[in-house]
Amino acid sequence: MSLHRDSFASFDGTRLSVTTLGEGPPVLLLHGLFSNADMNWIRYGAARAIADAGFRLILPDLRGHGASDAPADPAFYPPDVLARDVETLVDALGLGHDLVLGGYSLGARTTARVLVRGQVRPRAAILSGMGLSGLTGGEARGAWFIRMIEGRGSWVRGQAEFLAEAFMKAHVKNPDGLVHLLKSQVNTSVEALQKLDLPVAIICGVDDQDNGQATELAAVLPHARLIEVPGNHMSAVTTPAFGRALVDALTAWS
C-alpha cells in the first residue's frame, strides 16, 4: 500500500500539500503545530494502521508547515484560515457525509472550528491531544509560542523554548509566518461545543495537559468518548497505542 502525494490550491491560491493512503471511507486528519503529515500520522505507524483497517487517509500539511506554502504576508492568515483550508480541500475532493474529520493539538483545534462553522458535516470527529481550555481559550499558550518564535536563536539548551525551536526548525520553512498563523486562531465557545450533534472520540495521553483537561472536554460534548493512551503531549503520538485508539474509534463508527 503506497503513499500518494499531491497539492491543491486553497481559497486564496496558497498551495497545500496532501498525502493520501489506503482505500475505503475517507478519514481526514490534521497534524499539530510545527509538525506535518509524516511526523504526526505516518512515521510512527498510525496512518498505516488506519489504512490497513480499511480506510482512506487524507493527510494535508497545514499552511506554513511541511511541503505546503509558507507565505510571509499576514494577509494570507485571516481568522480561521486553517478551517477555511480544510473546507476548500473537502470541497475539492468531493468528500461527503461518510467523512470522519480529526486532528491532533492544533489539528484538533482546527477540527473544532470546522465543525462549528458548519460548512463541512462529517459523520464523526476525532479530537486528540486536546482538552477543553485548548479550544475555548489558548491565548497564553499561543503567546508562549509567539515569544519562542520571535526569540529564536536566543534560547539555552534544555529550556522548553529551545526544544520547541528545534522541533520547529525541522518542519517549518518560514517561522515568521507562523506568528501570523497563531494570531489567526479563533476560540470555540462551550455553548458551540455543546451543540455538536455527532460522535466525537477524544484521544489523549494520560500525562498530557498541555491543552487543558480531556475529561472536561468529554463532559461538554454531547456524544463524546474519551480514550486515554500512554504518554504526554509529545510522546503519545509515537506509541502503538495511539494508532490502535484511532482504529478503535473509526471501526466503532463503521
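The values are calculated or read from the model by the stated rules, or taken from the named source; none is laboratory data. The structure presented is a predicted model; accordingly, all values stated were derived computationally and were not measured. All Cβ positions, even for glycine, are placed from backbone atoms using ideal geometry, and neighbour counts span all protein chains on display. Side chains are part of the model used for accessible areas, which takes the heavy atoms of the whole protein and leaves out ligands, DNA and RNA. Shrake-Rupley method; radii C 1.70, N 1.55, O 1.52, S 1.80 Å.
Determine whether the range 240-249 contains at least one residue that is under 24 Å from TRP144 (Cβ atoms), buried (at least 18 other Cβ atoms within 10 Å of the Cβ) and out of contact with any Cys (no Cβ under 7 Å at 6 or more places or on another chain).
no
Name the residue, out of ARG113, ARG5, ARG84, that is part of a helix (DSSP H, G or I), of a type outside the set (Gly, Ala, Ser) and open to solvent by 60 Å² or more (accessible area, probe 1.4 Å).
Just a single option satisfies the conditions, and that option is ARG84.
Please enumerate the residues belonging to the range 145-165 that are free of Cβ contacts under 8 Å to residues at least 60 places away in the same chain, within 22 Å of LEU106 (Cα to Cα), of a type in the set (A, V, I, L, M, F, W, C) and surrounded by 14 or more Cβ atoms within 10 Å (Cβ to Cβ).
ILE146, MET148, ILE149, PHE162, LEU163
Here is a check on your reading of the model: is LEU132 within 30 Å of SER254 (Cβ to Cβ), touching a Gly at 6+ places or on another chain (Cβ under 6 Å), of a type outside the set (Asp, Glu) and open to solvent by less than 50 Å² (accessible area, probe 1.4 Å)?
Here the answer is yes, as LEU132 does meet what is asked.
Just to be sure I understand, how many residues within the range 166-203 are in contact (Cβ under 8 Å) with a residue 12 or more places away in the chain and of a type in the set (Asp, Glu)?
So the answer is 2.
Taking the residues in the range 51-76 that are in contact with a Gly (Cβ under 7 Å, 6 or more places away or on another chain) and open to solvent by less than 20 Å² (accessible area, probe 1.4 Å) as candidates, determine which candidate is farthest from VAL237 (Cα to Cα).
GLY64
In the range 67-82, how many residues are within 13 Å of LEU16 (Cα to Cα) and free of Cβ contacts under 8 Å to residues at least 60 places away in the same chain?
Matching residues across the range 67-82 total 1.
Report the residue count in the range 8-50 for those that are basic (Lys, Arg) and open to solvent by less than 30 Å² (accessible area, probe 1.4 Å).
Residues in the range 8-50 being basic (Lys, Arg) and open to solvent by less than 30 Å² (accessible area, probe 1.4 Å): 0 in total.
For the range 56-65, name all the residues that are assigned to a loop (DSSP other than H, G, I, E, B) and out of contact with any Asp or Glu (no Cβ under 8 Å at 6 or more places or on another chain).
Across the range 56-65, the qualifying residues are ASP61, GLY64, HIS65.
With the condition being more than 17 Å from the chain's Cα centre (by Cα) and more than 22 Å from LEU57 (Cα to Cα), I'd like the helices (runs of 4 or more DSSP H) fully within the range 164-254 carrying at least 1 qualifying residues.
It comes to 175-183, 190-194, 214-220.
Would the range 106-113 turn up any residue that is within 17 Å of GLY177 (Cβ to Cβ) and under 11 Å from the mean Cα position of the chain (by Cα)?
yes
Please enumerate the residues belonging to the range 204-219 that are buried (at least 16 other Cβ atoms within 10 Å of the Cβ), among the aliphatic types (A, V, I, L, M) and in contact (Cβ under 8 Å) with a residue 24 or more places away in the chain.
Result: ALA214, LEU217.
Criterion first (in contact (Cβ under 8 Å) with a residue 12 or more places away in the chain and in contact with a strand residue (DSSP E or B) (Cβ under 6 Å, 6 or more places away or on another chain)) does LEU21 satisfy it?
yes
With the requirement that a residue be loosely packed, with under 14 Cβ neighbours inside 10 Å, within 24 Å of GLY131 (Cα to Cα) and among the aliphatic types (A, V, I, L, M), what does the range 166-189 give you?
Within the range 166-189, no residue meets the criteria.
Does any residue of the range 88-105 turn out to be touching a strand residue (DSSP E or B) at 6+ places or on another chain (Cβ under 8 Å), open to solvent by 10 Å² or more (accessible area, probe 1.4 Å) and at positive phi?
Yes, the range 88-105 contains at least one residue that is touching a strand residue (DSSP E or B) at 6+ places or on another chain (Cβ under 8 Å), open to solvent by 10 Å² or more (accessible area, probe 1.4 Å) and at positive phi.
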